[in-house]
Structures are given as C-alpha cells and as structure tokens.
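Readers should treat all values here as calculations from the given coordinates under stated rules, not as data from a laboratory. Quick caveat, the model's predicted, so the values are computed rather than measured.
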Amino acid sequence: MSLFTFASSADTASLLQSIVSIATALAWPVLGVSIIAVLGFLFKPLLRGVWRVMLLQVKPRRTLEQRIADNKVLGREQVRRFASDHEGSHPNLAAELRLLAGSN
C-alpha cells in the first residue's frame, strides 16, 4: 500500500492543479525575459546605433581642430611631467624639455 491510495481523485486533481498553476506562474516571467534577450540579441546593431545617436545628441563629437589642440596640450603636459621627473638627475635635459614644452 502506498501513501496515495487513500487520497481521493479530488485531492489529486487539486494537487495537480496547484502544481500546474505554480509552474505557469514561474514560466511566464522566464519566457518574457528570454524573449526580451532574444530580441536584444537580434537587434543589437540597431540598438547600438540608437545609443550612439542619443550620445551624440547629448555630447557632440569635437571637431578635428579641437581634438588636435587637446592632443597638443596633453603632449605638453606629458613633456612637463617628464621634465620634472628628471630634474634632479638630468637638469640639462629637464631644461630642454621645458623649452620644448613651451615652444608651441
């Protein structure tokens, strides 16, 4: 004799119904998230393009002249840092580097 022999068919039906309802309650969110993930994967290039357009609207790309000027400023700062690092060991080199950094 097993444990389920005494259970009536109404009890087993309600048990199965509750199990099915729990399974469907768990399956729908998983299905929704998986559909969103698949759509995101399929439309990834489009979504990247939309994201870039939104970023360009907020922060437009700098012109070529502005980027070149920024690069020159960063280069001068790097040369000044290099000169200050070598000031104690090579004072002549540091002086020349400072001269180069200030020439442009």
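For Kirkwood radius over Cα pairs in Å, the value computed from the atomic coordinates appears in the list (1) 17.3; (2) 21.4; (3) 16.5 under label (2).
Adding -39500 (n - 2.57) for every DSSP H run of four residues or longer, then dividing by how many residues the chain holds, sets the calculated 222 nm ellipticity at -28000 deg cm²/dmol. Of the DSSP H helices in the chain, those that are both long (alpha-carbon extent of 15 Å or more along the helix axis) and hydrophobic (Kyte-Doolittle mean at least 1.0) are 9-42.
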